Every structure is written in C-alpha cells, then in structure tokens.
Amino acid sequence: MRNKEYMDVLPEIAEAIASNKPVVTLESTILSHGMPYPENVDFAAEVEKVVRAEGAIPATTALIGGRIKVGLSPAELQVMCKAEDVGKVSRRDMATYLAMKKDGATTVATTMICAAMAGVKVFATGGIGGVHRHGEVTMDVSADLQELKQTPVAVVCAGAKQILDIGRTLEYLETMGVPVIGNGTADFPAFYCRKSGYGVDYAAKDEAEIAGIIKTKWDLGLEGGVLIGNPIPEEYALDFDYMESVINEALAEADAAGVHGKNITPFLLAKIKELTKGVSFASNVQLAYNNARVAARIAKALCELSA
Ligand code: PSU
Ligand code: MN
C-alpha cells in the first residue's frame with residue numbers, strides 16, 4: 001500500500017507512535033460541521049489541552065490541499081473551524097477530495113481510517129453516526145458503523161444523538177461484531193443524556209479494563225474497532241424528553257425541507273443548536289472534553305499493556 005505517500009504526520013506524533021507513547025486522534029467534522037465559529041476555535045485548542053493534561057499527544061485529522069493531515073497546526077485548525085469551502089468527508093469521499101486537492105473535515109469513519117493508517121489506536125469524538133430514524137425504509141445508515149466493523153481503532157463517544165434510531169444502531173453494531181463497552185455504565189448513552197434506554201454489551205469499571213478488552217480483541221486477530229460509550233458528566237446532562245421534543249421538531253423541519261444524504265446530520269445538528277438556544281452547545285463541549293480525557297487514559301493503559 002502507498003497510503004503513507006499521501007500523509008503528513010506531525011513529528012511529535014510520529015515520534016510518539018514509534019516509541020509506544022499514548023496518542024489520541026480527534027476528528028474535524030465536529031469542528032467544521034458540528035459547532036459554530038468562532039466558539040469552535042476555543043474548543044479545538046482546549047480539547048487538545050485536555051489530552052495533553054492526561055499525558056497523551058493529540059492528533060486532529062483533516063484533508064488539506066491533497067494531503068491527509070495527522071495533527072494540525074494552529075493555522076490548519078483555524079481553516080477547519082472557519083469551514084469556508086470545507087466539505088464533509090466520509091469513506092466514499094476520501095479519494096476524490098485528495099485527488100482534487102479539496103479541503104475536507106473527517107467524519108468518525110474517515111478519522112478512523114486516517115488514525116489506522118498512521119498507527120494511532122484511540123480516537124475521541126462527540127457522538128457517532130448510526131442508523132437514522134426510519135433507516136429501515138431510507139437505508140440511511142452512517143458509514144461510521146461499517147468502519148467500526150473493519151478498522152482497528154477504539155472510539156470513545158458519548159453514545160449517539162436521539163436524531164438516530166439508537167436501538168437499530170446497536171443492532172447493526174451487534175451484527176457487525178463490534179463490542180460496545182460502557183465506561184462505568186450499563187446504559188448506552190444518548191449524547192446529551194446519560195442513558196438511552198438501551199444497554200451496552202459490558203459495563204467496564206475503568207479505563208484499564210477497557211484497554212484490556214481492546215488489546216485482547218486485537219491479540220485474537222479479530223478485525224475492526226471497539227466502541228466505548230462514555231456518558232456526559234451529570235452536571236451537563238439535559239432532560240431526555242426535552243431533547244426528544246427538540247429533535248422531533250428538527251426532524252420535521254428536515255423532512256419539510258427535503259434534506260437527505262450527507263446533509264441530514266449537519267442540518268439536524270444546526271437545528272438542535274438553534275432550537276436549544278446554545279444550551280446544547282455547552283453540553284456538547286463538555287462531553288467532548290470528557291471523552292478526550294477518557295480516551296487519553298485508555299491510550300496510556302494500552303501503551304502500558306504493550307510495553
Ligand atoms: N453526530 C453528532 N455530531 C457530529 C456528527 C455526528 O452528534 O459532529 C458527525 C460525525 O463526524 C459523524 C458524522 O461521523 O457526523 C456522521 O455523519 P453521517 O450520518 O452522514 O454518516
Ligand atoms: Mn447518511
């Protein structure tokens with residue numbers, strides 16, 4: 001494979017990977033299409049600090065000027081946050097964006113691909129994509145789920161937003177053989193809410209246990225990733241029924257506007273922001289910091305296990 005020819009890894013990250021030091025990958029779609037500018041600039045800097053405070057190295061990924069970037073400079077982070085002419089790149093878009101030298105933000109699926117190519121094993125995000133409501137009719141199933149089946153990266157998330165059919169999302173992951181582990185919880189979280197009403201496969205007591213499961217899966221030669229559901233801190237959690245009403249309104253607006261395909265998730269995220277008048281943004285930021293912290297601890301524990 002010649003994928004390294006397309007990739008720039010920041011020296012600090014390359015050195016850490018080569019010497020078994022903890023690295024945590026972060027995605028850029030959350031910046032370009034999930035958060036408003038300029039608030040996302042502070043978030044982008046702060047989430048990297050959270051990873052460093054735990055003794056790990058942050059590696060935000062993006063496609064810029066025909067190159068896969070693993071680790072962004074402050075100027076490149078700014079490009080992703082401003083998001084002027086920055087597309088949303090999932091697995092199917094990757095080759096086109098690189099060949100056409102278009103700038104693109106990486107989704108969970110694409111960030112996993114970039115991480116695996118670079119040799120990074122742990123990734124922190126906000127929420128994953130999944131089976132959309134009525135997905136059994138529309139066949140709108142995020143490529144994130146297929147990626148978890150095939151690409152060996154552990155993804156720490158706060159579950160999935162109620163914009164999705166969480167039950168079917170978990171069914172899909174079960175079929176694909178993806179372990180769904182709760183960090184100190186038996187409930188798969190629902191992003192703004194600590195519980196979705198659906199269980200995880202195993203409620204791990206801490207990051208060391210999670211690292212043990214990840215290592216064992218890969219030692220066995222089982223392909224693909226591991227999904228870790230890490231609930232939003234109690235003090236930032238929002239009411240489930242309130243979010244349900246907001247999301248139903250957002251879904252009705254999407255329906256009326258005829259939005260579909262790759263635009264539906266960004267459309268719904270923007271609507272939720274608008275309808276909750278920014279309350280949801282504070283929660284979104286805090287859950288992402290919390291995921292970055294836990295991902296850094298898992299990355300450290302994995303390094304210790306393979307030392
Ligand atoms: N869900 C969120 N916030 C996000 C996303 C999803 O709560 O920012 C982004 C992630 O990058 C995820 C992508 O990988 O949307 C999924 O998009 P789609 O449903 O089109 O696969
Ligand atoms: Mn989709």
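The values are calculated or read from the model by the stated rules, or taken from the named source; none is laboratory data. Treat the numbers as computed from the prediction; the structure is a model and nothing was measured. Neighbour counts run over all protein chains shown; Cβ positions are idealised from the backbone, glycine included. All accessible areas refer to the heavy atoms of the entire protein, side chains included, with ligands and DNA or RNA removed. Shrake-Rupley method; radii C 1.70, N 1.55, O 1.52, S 1.80 Å.
A few notes on this one:
- Aspartates and glutamates whose Cα lies under 16 Å from that of K271, excluding same-chain neighbours fewer than 8 positions away: E244, E249, E253, D255
- Scaling against 2.2 N^0.38 Å puts the C-alpha radius of gyration of segment 68-135 at 1.19.
- Filter on K4/K82; K82/K195; K49/K205; K69/K217 - keep pairs with C-alpha separation over 31 Å: K82/K195
- Cα-based equivalent ellipsoid of segment 100-146: semi-axis lengths in Å, sorted from largest, via gyration tensor: 24, 14, 9
- Most mobile listed residue (A160, A292, A186) in the chain, GNM with C-alpha springs under 10 Å: A186
- Overall dimensions of the chain by Cα: Rg and Dmax, Å: 17.7, 55
- Debye log10 I(q)/I(0) for segment 221-263, one point scatterer per Cα, at q = 0.23, 0.32, 0.33 Å⁻¹: -0.85, -1.05, -1.08
- With the whole protein complex present, T138 retains an accessible surface near 90 Å², based on a 1.4 Å probe.
- For segment 216-279, the set of trypsin sites (Lys or Arg not before Pro) satisfying both a DSSP loop assignment and a count of at most 16 other C-beta atoms within 10 Å is given as K277.
- Antiparallel content of DSSP bridges confined to the chain, in %, to 5: 30
- To put it simply, the accessible area of the chain at a 1.4 Å probe is 54 percent carbon and sulfur.
- Net lengthening on full extension, K21/M139 (0.36 nm per residue, minus Cα-Cα): 38.4 nm
- Among F188, F240, the order of accessible area from largest down is F240, F188, computed with a 1.4 Å probe on protein heavy atoms.
- Efficiency of FRET between V279 and A256 - r from beta-carbon atoms, R0 22 angstrom, step 0.05: 0.35
- Taking label positions 7 Å along the Cα-Cβ direction at both K4 and L305, the computed distance is 2.6 nm, reported to one decimal.
- Relative contact order of the chain: 20 percent, from C-alpha pairs under 8 Å at least 6 residues apart in sequence.
- Here the label points at Y242 and A270, each 7 Å from Cα along the C-beta direction, are separated by 2.5 nm in the simple model.
- Taking θ as phi - 60° and the Karplus parameters 6.51, -1.76 and 1.60, the scalar couplings of segment 3-8 work out to 5, 4, 5, 9, 10, 10 Hz in sequence order, x denoting glycine and proline.
- The stretch between E174 and E84, if pulled fully straight at 0.36 nm per residue, gains 28.6 nm over its current Cα-Cα span.
- In order along segment 299-304, the Karplus-derived 3J(HN,Hα) couplings, from 6.51 cos²θ - 1.76 cosθ + 1.60 at θ = phi - 60°, round to 4, 5, 4, 5, 4, 5 Hz, and Gly and Pro are given as x.
- One decimal place: the segment R92-K205 gains 37.0 nm when fully extended, by the rule 0.36 nm per residue minus the C-alpha distance.
- Alpha-carbon centroids, segment 262-306 and segment 191-240: separation in whole Å: 14
- Principal axes of segment 177-307: Cα extent on each, largest first, Å: 53, 33, 24
- Accessible surface, the chain, averaged per residue in Å² (probe 1.4 Å): 43
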